[in-house]
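Visitor: Dumping the structure here so I can ask a few things about it.
None of the figures in this text is laboratory data; all of them are computed from the coordinates on show. All figures in this text were calculated on a predicted structure; none of them were measured in a lab. Methodologically, a virtual Cβ is constructed for each residue, glycine included, from the backbone with ideal geometry; neighbour enumeration extends over all protein chains shown.
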Amino acid sequence: MGKQAVIDAYEGRYTPVVPWVPYVGVHGGYLIGEPGDKVLQDSDLLAKAVLTAAERYKADGIPLAFDLAVEAMSMGIEAKWFEDNPPTVIEHPLDGKSLAESDLQVPGPNDGRWPVIIEAGKKAKEQIGDVALIGLACGPLTLASHLRGSKIFTDMVKKPELAEEIMDFAAKVTEESCRIYAEEIGCDIVAIVEPVGSQVRPATYDKFVIPACQPGLKAIEKAGKTTALYICGDATKIVENMMYTGASCVCVDEQLNMNYIRDCALKYGRGFGGNLKLTLSLSLGLVDPREDAIVSLAAGGKLGYTFSPG
Amino acid sequence: MVDVLKTLPDEVTDFIEYKEWSIKNEEGIGKFVERQGRVLPTLCINEELVFESIIPTSEELYDALKEGARNEEQRKTLEKAFEKSEEEYE
């Protein structure tokens, strides 16, 4: 068990025992008695939170930071901090001006929040032992919605050239983010995370999201690391489309039917992960977590499956 | 998804009240069950499930709001607001 098992499962291979990846975000701060906003801005605390969570939950793999505002904030975009949640982007610089008019640049490893994330990642990597460290890059569609606001969804229908221009830029940011996690930090797996990916139509996903994921996925592969896509929400309508991105593994939300995602992943030779009921079971206790885990494990099987929250 | 409502102009929000519920608390779960929600997020208009895990374009949103208008005056206000938003968008 451990790191290799997660890599094997994410790459669609058989594992004798199903690996376990808890998605610990600011909850890691709770475990060490520190608020999320402080943890995410301090490399020592972030590394400590990740290491503590990995040990506490006997994880085979663990994300470095579940924070999709890193990229936007590193471009100077305003966000709001919380003690018990990751920061939320509250400014949409491309709402009133074009990309050319804005002074937005792809943030590199020395910009914005990256130095803290990189330092924390290197510290965690040194001490984490046989646990896969997973980098989470903000997906291009999510980043485009940070930049343009909800207008991006209308643009995709009414001004496809504009949407494409913004998505192209977002793809470059995601690419650099993936490169930083894979190359500079040395994460074993890097996932492109798209919380809003499930809220577009399959044709929109094919036209805008799949091409925009390619530079990031290539950057991860170039570093010799494993690729993945994480998606939130009810992604049933685009599960098959997600398989065409080329990512090795697709991890889904608690709303998806695990039998369906399993069959789809096996059909395309992908790994898949999920979908312990994060809200209903772990957060609210309305469903018995043990029974829920057994259902997920039974549906997932041992070929390419990673047990994770959904 | 709720962001699309936050961009509606004042003349529309004068007669449209919107509220966001979180599935992470008892009130939100109660509302989800009461409305017979199927997926998250879902946007309801006049208590009907209208956009289920789909972020509407502005046109789709205005069309749905017009469908749910209570009277002719509201419908006309929505049409004007949509035309104005289209002009501004262009």
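Visitor: Along the charge dipole of chain B, Cβ charges K/R +1 and D/E -1, which of B:81, B:4, B:32 sits furthest on the positive end?
Guide: Checking the options against the dipole of chain B, the answer is B:32.
Visitor: Can you put A:97, A:123 in order of Cβ neighbours within 10 angstrom, beginning with the fewest? Write out the running numbers ahead of the final one.
Guide: Details: A:97 11, A:123 18.
Placing the least packed residue first, the sequence is A:97, A:123.
Visitor: Now, a different point. Ranking A:157, A:26 by Cβ neighbours within 10 Å, fewest first, what do you get?
Guide: Working: A:157 14, A:26 23.
Sorted ascending by nearby Cβ count, the order is A:157, A:26.
Visitor: Kindly provide log₁₀ I(q)/I(0) values, in the same order as q = 0.13, 0.17 Å⁻¹, from the Debye equation applied to equal alpha-carbon scatterers of the stretch A:1-83.
Guide: Once normalised to I(0) and log-transformed, intensities are -0.49, -0.73.
Visitor: Nothing charged except the Cβ atoms of Lys and Arg (+1) and of Asp and Glu (-1): what's the magnitude of the dipole of chain A about its Cα centre? Round to the nearest 20 debye.
Guide: Values: 30 positive and 42 negative charges, 149 e Å.
Dipole size: approximately 720 debye.
Visitor: Just for the Cα atoms in the stretch A:193-310, what are the lengths along the principal axes, largest first, rounded to whole Å?
Guide: For the stretch A:193-310, the Cα extents along the three principal axes come out at 41, 28, 23 Å.
Visitor: Run the Debye formula on the Cα coordinates of the stretch A:140-191, all scatterers equal and no solvent, and tell me log10 I(q)/I(0) at q = 0.23 1/Å.
Guide: Treating every Cα as an identical point scatterer, log10 I(q)/I(0) equals -0.76.
Visitor: Can you list the aspartates and glutamates whose alpha carbon sits under 12 Å from that of residue A:80, skipping same-chain ones fewer than 8 residues off?
Guide: By straight Cα distance, residue A:80 reaches A:37, A:91.
Visitor: Right, here's the next one. Send over the per residue convex hull volume for the protein assembly as shown, Cα only, as a whole number of Å³.
Guide: Working: hull volume 52.0 nm³, N = 400.
Taking only Cα atoms, the protein assembly as shown has a hull volume of 130 Å³ per residue.
Visitor: Binning at 5 Å from 0, report for the stretch A:173-243 what percent of all alpha-carbon pair distances ends up in each bin.
Guide: 3, 18, 27, 21, 15, 11, 3, 0
Visitor: Given +1 on the Cβ of Lys and Arg, -1 on the Cβ of Asp and Glu, and no further charges, what dipole in debye does the stretch A:8-74 carry about its Cα centre, rounded to the nearest 20?
Guide: On the way: 5 positive and 10 negative charges, 48 e Å.
The calculation lands at about 220 debye.
Visitor: How many Å³ per residue does the convex hull of the Cα positions in chain B occupy? List each step's numbers first, then the result.
Guide: On the way: hull volume 8.3 nm³, N = 90.
Enclosed volume per residue, from the Cα hull, is 92 Å³.
Visitor: May I pose another question? Relative contact order of chain B, please, whole-number percent, based on alpha carbon pairs below 8 angstrom and at least 6 residues apart.
Guide: Values: 62 pairs, mean separation 22.8, N = 90.
Computed over chain B, the figure is 25 percent.
Visitor: Place +1 on the Cβ of every Lys and Arg and -1 on the Cβ of every Asp and Glu in chain A, take the dipole about the Cα centre, and give the residue among A:272, A:301, A:166 whose Cα lies farthest towards its positive end.
Guide: A:301
Visitor: Of B:3, A:188, how do they rank once you tally other Cβ atoms within 10 Å and put the fewest first? Can you show the working numbers first?
Guide: Numbers: B:3 14, A:188 22.
Going from sparsest to densest Cβ surroundings: B:3, A:188.
Visitor: Setting aside same-chain residues fewer than 8 positions from residue A:225, which aspartates and glutamates have a Cα under 20 Å from its Cα?
Guide: Answer for residue A:225, where 20 Å is the Cα cut-off: A:8, A:11, A:60, A:119, A:126, A:130, A:175, A:176, A:183, A:184, A:188, A:194, listed by chain and number.
Visitor: What lysines does residue A:207 reach when the alpha-carbon gap must be under 22 Å and sequence neighbours fewer than 8 apart in one chain are set aside?
Guide: Straight-distance partners of residue A:207: A:151, A:158, A:159, A:172, A:218, A:237.
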